[in-house]
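For reference, the structure is listed below as structure tokens.
Quick note: the coordinates plus some simple rules give every number you see, no bench work behind them. On a predicted model such as this, the values are computed, not experimentally measured, just so you know. No Cβ is skipped: glycine too gets one built from the backbone with ideal geometry, and neighbour counts run over all protein chains shown.
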């Protein structure tokens, strides 16, 4: 099922951020594949690399109470404290074809971000060219993000996705042949 | 580069020294004034006469009720279910250097059902005012005093509207506002007929609340007034000396406040009731809404809670106000939770104002006006301040 995550508040060709409300149960998990409409192509794909809640001293104050009234807890959960979701761009779709490279234009502010369906996740992870777009980001928890994404993609294929895990592992071994510690850490994370 | 801190360090040092000295002097006088409060504790009749006298009115002395002046009332038990209705407002004042002539008032409201476990019902009602007659009454740009009075009226109207839509058969209701219950309207910048009209409508809201028997309270955080101190000062003078006092600041009691006087209250306790001595209270008294007050130790602060006389006269309602306001403060750092939320709902932050003005500009352009712009002065300020805003 396709769920609306929130709207773009900042964007560039390589990354963008989405704002959404606390109570949305559909805030997607770390490493999830998401999509947003774009100029110059059908849609842009990204992986969630960060979900953060803006600092709010008011909530902190309530959290510090011994037993805040139930009405206050309910109230705080409904206040519009923005959750910010950070997305790393990993590809785009143009005229039905999926490309694992940076899109020609970034998404526009206030465009709506959606989660991808299992079918879309399977289609997107049919090739592994996007690995490099993820692994090159040393300022992000890139390895964790890719591992989380690969686990979800394997699950989406049904039956544990063993074949998928093997071929993804082989591609990682090729890309990280000169960094065996890093390779080992990711492989451990995508084992069934 | 604007404020060169290196050039004020000497002044800051001196300021700290002077303020500490002043606080020390006031602290020394305090026991004597508190002693007067105890000495006059049961002289309510005499003190009411002092407050009503010419010098008493001149000094805006508070007038005591029937409770002993130094009384302390612990917080009454709060009913299991109480419905608190709160409102607060904010505004955008018109800017003659801005994009378009308009002003805005935004009122935030909260209905907090204590004991229900439910999330409060919150709302905000923005109003954009652009009609020529309203933005330029008398041909001049509307004053900020008049907009503030309109905002106060909108806050009270929201309280009355919401309180009256709550069922009288449900939990007891309390309407709570921020700041004084007295509307500050006798201002040079407000035309007299507008003063009268706003006051009349404001008191009309109180009429409705009284008709529905909903107690009303207004919460003043860190009150600065010295109406009880002034009363004690006058009372301790010989009657013939009282006429020579024009201002409390000319006397040895200068700088003392009621807040300091009542610092003996323990958390949750309220002081005795007094009637406000401000001249504007006469208009309220004339319509049966004379404003009374008590001081309340909110747990971390001493606040003034104002109530209309009809709430003050009903002990059950006064207890309800006392208990409900203290309970609200007890889990919100000494300030009512509902007022923090109402303020949060009402406040118009800088970037929201910017977004609003962008929409206004777009609308003006869509309707064929030339692209509106800031005055040259405002534009140049933005240019010069650009680096400092980053």
Can you give me the relative contact order of chain B as a percent, contacts being Cα pairs under 8 Å and 6 or more apart? 23 percent
Compute the whole-percent fraction of alpha carbon pairs in the stretch B:291-388 spaced more than 19 Å apart. 65 percent
Round to a whole angstrom and tell me the spacing of the C-alpha centers of the stretch B:333-390 and the stretch A:64-86. 27 Å
Each residue of A:71-78 has, on average, a number of other protein chain C-beta atoms within 10 Å of its C-beta equal to 5
Can you order the peptides A:134-140, B:71-77, A:105-111 by their average number of other Cβ atoms within 10 Å per residue, highest first? A:105-111, B:71-77, A:134-140
Listed with the fewest Cβ neighbours within 10 Å leading, B:340, A:14 appear as A:14, B:340
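For peptide B:114-120, compute the average count of partner chain beta-carbon atoms within 10 Å of each residue's beta-carbon.
5
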Gyration tensor on Cα atoms of the stretch B:31-181, a ≥ b ≥ c root eigenvalues, a/c under 1.5 rounded, else prolate if a/b beats b/c, else oblate, says oblate
Would you please classify the overall shape of the stretch B:327-368 from the alpha carbon gyration tensor, given that a ≥ b ≥ c denote the square roots of the eigenvalues, rounded means a/c under 1.5, and beyond that prolate means a/b larger than b/c while oblate covers the rest? prolate
Per-peptide average of other Cβ atoms within 10 Å, ordering B:16-22, B:170-176 highest first: B:170-176, B:16-22
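In percent, how large is the relative contact order of the stretch B:217-313, given Cα pairs closer than 8 Å and 6 or more residues apart?
34 percent
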Neighbour-count ranking for B:184, B:386 (other C-beta within 10 angstrom, fewest to most) reads B:386, B:184
With the cut-off at 1.5 for a/c, could you classify the stretch B:237-295 from its C-alpha gyration tensor as rounded, prolate or oblate? oblate
Alpha-carbon centroid distance for the pair the stretch B:102-120 / the stretch B:193-217, whole angstrom: 20 Å
Which ordering of B:147, A:9, A:44 is given by a fewest-first count of other beta-carbon atoms within 10 Å? A:9, B:147, A:44
Quick one: Cα convex hull volume of the stretch B:97-172, Å³ per residue? 116 Å³
Using only the Cα atoms of the protein assembly as shown, construct the convex hull and provide its projected area averaged over every direction, in square nanometres to one decimal. 36.9 nm²
Under the definition of Cα pairs under 8 Å and six or more residues apart, what whole-number percent is the relative contact order of the stretch B:153-246? 37 percent
